[in-house]
Every structure is written in structure tokens, then in C-alpha cells.
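The values are calculated or read from the model by the stated rules, or taken from the named source; none is laboratory data. Everything numeric in this text was worked out from a predicted model, so none of it was measured. Virtual Cβ from ideal backbone geometry, glycine too; neighbours counted across all protein chains shown.
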Ligand SMILES: [Zn+2]
């Protein structure tokens, strides 16, 4: 988002069209791994409440809600649960690929809802990844994976660190730029406008 613009009802979306503030709500197009996937809510008596990914949409099954806030909270929770599950299916493959290429071995990884970080790497080689990575294109997810794996070798952002990143991903600067441009959009799905734009890695 440009520095001088203020959050209003209208803003530019990830895809560049003008639309309302981004949130998980009926009819919203969600950028699942960079694909445009509509979110559909089915309210029905005696539903098993859950979110599913079908061939054409993210489908939320709910009991009829008491009020709009109740429905909003449930849609948020179920969607987040689904995104975490989907990211858990994708992430191990990306980690394996870049861990094999680089030779950098991580111990464990976890997916978390985080306000100010896309990922982190502990001194023991434990990695954390932001749930919001389910809403970025795979090449952006790959950049975060590469970035955190390189911290296993270099626990800082020195020129040696960036050389390691560049070896694994020569065009990593494009991914950094994409994140700067889009991270507020991604965070707004999880935090509304509470999210700060300065996500660290
Ligand atoms: Zn970093």
C-alpha cells in the first residue's frame, strides 16, 4: 500500500482490482497459493461445521448463525484451520527440496499465526512459518523457505547470508519486492487493519 494512502472501504487487492477490505467472508476471492479461490458459506441445520477445499472453492459448512459476529468468527476460525492444513501439505515438499539442494538441515518446523514475521529460524534449527504463506504464490513461499534455511548457515542478514540466498534463488529480490507490496493485504485477512506492514524474516 502506498505510504500516503489510508485504509478505507476501498483499496487495491492482491490482484490489483479495486475492492472492499480483504477478509474471509462469503463471496470473497481468496488468493490461495496465488490462485483465485472463492469462499462459499453454506448454512444448514445440523451441519458438521468445517471448511473444505473443493475443486472450485473454499467451502465453509455452518449451522445457521445466531448473529453476524458469530458467523464471522466461525468463518475466520474454520478458514484459518483449513489454510494451516493446506500449508502443512505443501511446506514439507518445499523444505525438502531446498534443504536437499542447499545441504542446510533443519530440525522441525511449525506453522503459526504471526503478526510481524513471515518466518523465523532458531539457533537449534527450528523453523517457524506464518500461516499467511498459504495466501502467497508458491515462488514467494519458496523465498521464505530459502531465507529461513539460509539462517541455519548464517544467523544474520550479512552479505554472506544474502550470497547463500542468491545461490539458491537468483531472483530473490523480486520475491522481497512482492512481499513489501502485498504483505499488508495478506495480513489483513488475519488481523484486519491491526497488522503492521513491516513483517520480518
Ligand atoms: Zn532473516
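With the condition kept exactly as written, say whether any residue in the range 137-155 is out of contact with any helix residue (DSSP H, G or I) (no Cβ under 7 Å at 6 or more places or on another chain), loosely packed, with under 14 Cβ neighbours inside 10 Å and over 21 Å from residue 35 (Cβ atoms).
yes
Could you grab the pairs with beta carbons closer than 7 Å, sequence gap of 6+ or different chains, first residue in the range 131-148 and closer than 22 Å to residue 78 by Cβ, second one within 12 Å of the ligand (Cβ to nearest atom) and part of a loop (DSSP other than H, G, I, E, B)?
133/118
Scanning the range 86-111 for residues that are within 16 Å of the ligand (Cβ to nearest atom) and either without any contact (Cβ under 8 Å) to a residue 24 or more places away in the chain or assigned to a loop (DSSP other than H, G, I, E, B) (or both), which turns out nearest to the chain's Cα centre (by Cα)?
The extreme case among them is 109.
If I go through the range 110-135 residue by residue, how many of them are surrounded by 18 or more Cβ atoms within 10 Å (Cβ to Cβ), modelled with pLDDT of 95 or more and over 20 Å from residue 168 (Cα atoms)?
Number satisfying all stated conditions: 6.
State which residue pairs qualify: first residue under 15 Å from residue 140 (Cβ atoms) and inside the range 161-176, second residue away from the ligand (no atom under 13 Å from the Cβ) and part of a helix (DSSP H, G or I) in any location, beta carbons under 6 Å apart, and separation of 6 or more residues or different chains.
168/102; 175/140
Condition first: at pLDDT below 95 and in a loop (DSSP other than H, G, I, E, B). Can you find one or more residues in the range 155-165 that meet it? Don't jump to the end; show me each part of the working.
Taking the range 155-165 and keeping what is at pLDDT below 95, we get none.
No; the residues of the range 155-165 include none that is at pLDDT below 95 and in a loop (DSSP other than H, G, I, E, B).
Considering each residue of the range 112-136, count those that are within 15 Å of the ligand (Cβ to nearest atom), in contact with a helix residue (DSSP H, G or I) (Cβ under 6 Å, 6 or more places away or on another chain), under 15 Å from residue 83 (Cβ atoms) and outside any helix (DSSP H, G or I), and give that number.
Of the residues in the range 112-136, 1 are within 15 Å of the ligand (Cβ to nearest atom), in contact with a helix residue (DSSP H, G or I) (Cβ under 6 Å, 6 or more places away or on another chain), under 15 Å from residue 83 (Cβ atoms) and outside any helix (DSSP H, G or I).
When you check residue 187 against the structure, is it under 20 Å from residue 131 (Cα atoms) and surrounded by 14 or more Cβ atoms within 10 Å (Cβ to Cβ), yes or no? Break it down into steps so the answer makes sense when it comes.
Values: under 20 Å from residue 131 (Cα atoms): yes; surrounded by 14 or more Cβ atoms within 10 Å (Cβ to Cβ): yes.
So residue 187 passes the test.
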